[in-house]
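The values are calculated or read from the model by the stated rules, or taken from the named source; none is laboratory data. Predicted model, so just to flag it, every value in this text is computed and none were measured. For neighbour counting, all protein chains shown are included, and Cβ atoms are generated from backbone atoms with ideal geometry for every residue, glycine included. Ligands, DNA and RNA are stripped out before the accessible areas are found, and what is left, the full protein with its side chains, is counted by its heavy atoms. Shrake-Rupley method; radii C 1.70, N 1.55, O 1.52, S 1.80 Å.
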Amino acid sequence: MKIQDARRRLFWLTISIIINSAANALTIATGMGSAVWTASAVNIAHWVTHSTDPAVANHVMGTVLVIYGVAVAFLAMLLTQRIDWTRFVRNILFVVPFSYLVQWFVPLFRDFLRIGELQANFSHPYQLALDIIIDIFGLFWVATAVSLYQRANLIMHPNDDLSYILRFKYLHGRASASQWASYVPPLVMTVLSLIANHQVWSFGFGTVWAFVTQGYVQGWADEHVAPSFKHHFVLQKPRG
């Protein structure tokens, strides 16, 4: 079956995966708070490495994110009560490059660009402000990347599928309720990691900021970032 506008959609999908992974890595490097799923993965990485050293935890970050994605993809199939290997493979095709790019970008920002060094000493008021600005910048591009790959609509992160399934199969189309419900798994894993680690990483200002602003930024990006690139969607009756 021929895919409409395939070359352009593949181009923006590739760009969005790179942007998404780099932006998530930037929020990790700042230490000021990442989006919920990313922050949860950071805490799991510290848990499985039994280390408080961010550099040590980052060595397994890609693998943690991949396993997380596979688990969510299986959960999505369970919730639909239908085995859909095509959908599963499409999820994994997204999550594998995304996950290992995040792992690669974190030391680039942290070790070479020295992002996050300021968090150790907030004696100067501008130091905290700078880290917050960098974190907001990263979260802006996370939301923008989601806008781009949702418009391309070729492959998706499993987290997006989970939210979609919860919305239409269980929550009567309520978008905000499905978003909050989809955060239950990462929040549970973060609590378990906190119990094991006695410390929490990557939860903070940026996590709250992402809660409040991500949907608005995605809508803004739809209209203002590559505005000629429109949503490629197929209207289907929700499964179930």
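Here is how the numbers come out for the structure above:
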quantity	calculated
Some residue of the range 86-99 being over 15 Å from the mean Cα position of the chain (by Cα), more than 24 Å from Gln214 (Cβ to Cβ) and not aromatic (Phe, Trp, Tyr)	yes
Residues (surrounded by 14 or more Cβ atoms within 10 Å (Cβ to Cβ) and out of contact with any Ser or Thr (no Cβ under 8 Å at 6 or more places or on another chain)) located in the range 197-214	Trp201, Gly204, Phe205, Trp209, Phe211, Thr213, Gln214
Ala76 being at pLDDT below 90, crowded, with 19+ Cβ neighbours inside 10 Å and in a helix (DSSP H, G or I)	yes
Given (1) of a type in the set (A, V, I, L, M, F, W, C); (2) part of a helix (DSSP H, G or I); (3) closer than 18 Å to Trp209 by Cβ, number of the condition Ile17 does not satisfy	(3)
Scan of the range 139-195 for residues that are open to solvent by less than 40 Å² (accessible area, probe 1.4 Å), outside any helix (DSSP H, G or I) and touching a residue at least 60 places away in the same chain (Cβ under 8 Å), ordered by number	Leu154, Ile155, Met156, His157, Tyr183
Residue in the range 82-91 that is among the hydroxyl-bearing types (Ser, Thr, Tyr), under 21 Å from Ala145 (Cβ atoms) and out of contact with any Phe, Trp or Tyr (no Cβ under 8 Å at 6 or more places or on another chain) present	no
Residues of the range 29-45 satisfying the condition of being within 18 Å of Thr213 (Cα to Cα) and under 13 Å from the mean Cα position of the chain (by Cα)	Gly33, Ser34, Ala35, Val36, Trp37, Thr38, Ala39
Yes/no for Ser51 being of a type in the set (Ser, Thr, Tyr), part of a helix (DSSP H, G or I) and either within 22 Å of Ile195 (Cβ to Cβ) or touching a helix residue (DSSP H, G or I) at 6+ places or on another chain (Cβ under 7 Å) (or both)	no
Qualifying residue in the range 20-36 (condition: hydrophobic (A, V, I, L, M, F, W, C), modelled with pLDDT under 95, part of a helix (DSSP H, G or I) and open to solvent by 20 Å² or more (accessible area, probe 1.4 Å))	no
Check on Ser40, out of contact with any Gly (no Cβ under 8 Å at 6 or more places or on another chain) and in contact (Cβ under 8 Å) with a residue 40 or more places away in the chain	yes
Filter pass, His50 being more than 22 Å from Ser182 (Cα to Cα), surrounded by 15 or more Cβ atoms within 10 Å (Cβ to Cβ) and of a type outside the set (Gly, Ala, Ser)	no
